Each structure stands twice: as C-alpha cells, then as structure tokens.
1. Want the number for Gln144 to Glu343: 0.36 nm per residue separation, take away the alpha-carbon distance, what's left?
2. Once R0 is set to 56 Å, what does the formula 1/(1 + (r/R0)^6) return for the Cβ-Cβ distance between Asp243 and His132, expressed as a FRET efficiency to the nearest 0.05?
3. Rank by packing, highest mean first: peptides 193-204, 340-351, with packing defined as the count of other Cβ atoms within 10 Å averaged across residues.
4. In whole Å, how far is the Cα centre of the stretch 100-121 from that of the stretch 329-359?
5. How long is the gain from Thr65 to Asn234 if the chain were fully straight, where each residue apart is worth 0.36 nm and the alpha carbon distance is subtracted?
6. Around Pro362, with a cut-off of 9 angstrom between Cβ atoms, what is the net charge of the other residues, counting Lys and Arg +1 and Asp and Glu -1?
7. Show the residues, 5+ positions off or on another chain, whose built amide H is closer than 5 Å to the amide H of Glu112.
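Any read-out appearing in this document is the output of simple, stated calculations on the displayed coordinates, not a laboratory observation. Only a predicted model underlies this, so the values are computations on that prediction, with no experimental measurement involved. Positions of Cβ are backbone-derived with ideal geometry, glycine not excepted, and every protein chain shown enters the neighbour counts.
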Amino acid sequence: MRALLAVLLTAGLVWITAGPPPTETLAANDLRGAAAVPAAVAPVAVASEADDVAQLRHLIAPGETFSSILLGEGVSAIEARTWQQAAAGAYDVDAIRPRHALVLTFGRAGHELRACDYEIDKYALLSMRVAHGQIEARLKAMPQLAAVRGVVGRVEASLATSASAAGIPARMVSQLADVFGWEVDLESDVRRGDEFRLVYAEVRDESGSQRPGDILAAEVTTHGRTLRAIRFENENGESEYYDPDGHAIGRGFLKYPLEFNYVSSEFTGSRMHPVLKRPAPHMGVDFAAPIGTPVRAVASGIVTFAGYAHGYGNQVGIEHQSPYASSYSHLKRIASGLRIGAEVRKGQVIGYVGRSGLATGPHLHFMLFRDGTYVNPLTVKLPATDELTGARRFQFAVLSHEFLDRLAGLTRRVALPSLSLVAPMDVLTPTVAALD
C-alpha cells in the first residue's frame, strides 16, 4: 500500500493525503435574501448520496474566477454573488488558483446549486452547503485515502448493467463510459462472458464516512481483446486516462454529451419524423433523459451559436479544433453566460435537456460535423491526441506497472445484488477484493 501511495502522489493526485485539520471556521449567508432568484428562495436540504443530485468537478483554468465558473455552469449572477459572500467568512474565493478543483453539486430537478467544495491545497478544503435556506461555509480537512479497492466481474448482459450490479455507483459507471466510450459501446459491443476489472480510490472525510472516489485503473476484455486505462495527470494539470503505452484514451472528445443513459434514436440519415409525420433527415443521435439533465460539451472549443433555432428549439453550437464542430438541440435552457464567442472546455455544462422545438418528449439531439458535413457521433473515427513523453512518461510507467499488477491480482469472489441501469433482470456474480 505504501508503494501505491508513492506512485499516486507522483501522478499528481494530491487529494489523497490529509494533514492536520485546519481550525474550522463557519460563515453563513441567507439564500432567502436573494429574492430575485427563485431557485434560491425555497429552503433546500443538504445534498447527500440519497438525494437526486449531479456533481461536476471543474479544474480551474488561468484567468477564471469563482463567479465566472459558477456563471458558466448555469448559476445566475445574483446567486453566484450570494455564494461568494457566504464564503467570505471562511475563505477569500478571489484567491482560488489554477489547476485546483472546484466541485459543484446540483439538484437534478431544478438544477439548483446545493453544495460547493474548493480544494485549497492537499490539506484544506473550503466546504459550502445549503442548510435551512442558508449557505454555510467551513474550512475542513481534505478527504484522505481510506483504501484502494477493486472489482472484477463477468458480463451477463451490458457492461453498464454488470458494473452497476457489482456495486459501482452510477457516476462511476458514467466515468467508465467516458474512459472506454470510443473503444467499447456499453450497450452493444460487450457480450455474455466478457470481463471487466476496476481499481478505484475510496476516500474518508473528517466525519469518518467513506465513499468511492475516482477510477484509478480499468480493464475490459471483449471480442478477444483487452483494453486497459490508467488515470494520470498530464502537463496541463488535467487528469486523463492513458493506455499502458502512455497514449491518451478518448481522442480529445467525450463520446456521450451527457452522463451515460441510452440512445433512443440513432444516426439514420432519414426517418419518419414523429411530429411532422413525413420522412425527414435525422443526422444525429438522440439521448433520452429527464428534463433538466446537464448537457456537456464533448470537447473544448468556441461557441458559434446559442439561441432558438426553430425546429431544433434551444440550441448550442460549438466549433472545436479543426475540422470538427458539434451542436446540442431541444434544450430546456442554455447555461447562463453562454454566448457566441465564449470559450468552453471539454465536459463543461452548456445547457439542460428539454423538449423545445419539434420534439415529442424530453431528449438531447446531438450532432457532430467534420468540415461542415454531418458524421455519426457514435462511430466517427477521431484522430489520436496526447502522448506522454520525457519525465512524465517515466512517472507514468511506474504508476502503470503498479496498477496493472493490481488489476491482475483481483480474484476473491463475493456475490452482490443487481442494481441494473439498463435491464432490471440482468444479474452478475462479481468478485471484489480490498487492496489496502
């Protein structure tokens, strides 16, 4: 375990070590004072794992401020100012620094901001929560690594179903989809008898409660080939996944513009339009999801359109690195502050699923373009991107060797109940091993 801690630190995972807790301070600001913001008027419960919430981890870029980040994630200017004022008694959020993380927790139903955590350094955390209509801000010790755990299982239906049956939280299943999305279709590529292995961090907060952290390494064996991915921090301070040879996995684009759900209408070229009742082109992919589900930019780029586009309803268009562009349609609303010319980063929330325009139900219509021509977002062949070199390559080799050994050593069998995301009748008897 000691050796693994060393390579994790080398990889830049500074959150895993916690020193002496700082003296706790408390500040509060009444949300009910921001009367112009309906989402902030009603008292809101503190977010917990039982709540229907969505969590976003934002790596701060140079030039970004606390307020600009909140505005970019859809928080109104008045509410952002309320959160900044609430933090003042515990920490000056004007002092936030690039390459540090800001974790935002939103309620899925109304997309109200329920919690905000800023990783000050490897010892201290600014923790802000909504409780009884007020925002409470505290300085707390950073969560520390409680254990590194692993899961190995055999697929009985889809990989997503089987991973969920093994007790992996839905957020981690979505993360698994982001890791291997371009190599494995979680709904159709895997088949009965395929296997997956997963090593993840389990962290403990100051109250002593433990929760899953990020995927550290993963392996999927399907169609006679084995795919592996190891989490590592690149030169830009961003955590990416690389194959054992140090080549980035994911090709610079997320395959899914929202947390993995399911494809309800694939790229067909033409179909019977459900509203117009006549044949019409369908040059994209539909993702059915509840109204208000956050929609993510699949890659970094510049906003070229943000407004109402007739049959497409509320729509966002983004130009990425040449020759690619993308669009997101039928949104309930577009994220606050998003306008033509704005820069967005990969994974940033740009809007929320709706049914605006010609739509029979809530869904996201996602289109991808190459040189202005429609391409199938689920099958397009994108160019390879980042490759580790020099000292980072050497550091990665040490980390990769450790994690590949961990993945190979998962053997002990424990039966777990099914928690299917796709088909409730799918079952799996996985194997679980504690690696601490």
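1. Between Gln144 and Glu343, full extension yields an extra 68.3 nm.
2. FRET efficiency, Asp243 to His132: 0.70.
3. Ranking, from highest mean packing down: 193-204, 340-351.
4. Spelled out, the Cα-based centre of one part sits 19 Å from the other.
5. On the way: separation 169, 0.36 × 169 = 60.84 nm, distance 2.25 nm.
Working it through step by step, the gained length comes to 58.6 nm.
6. Working: positive: Lys332, Arg355; negative: none.
Local net charge: +2.
7. Here the answer is Gly107, since their amide H atoms fall under 5 Å of that of Glu112.
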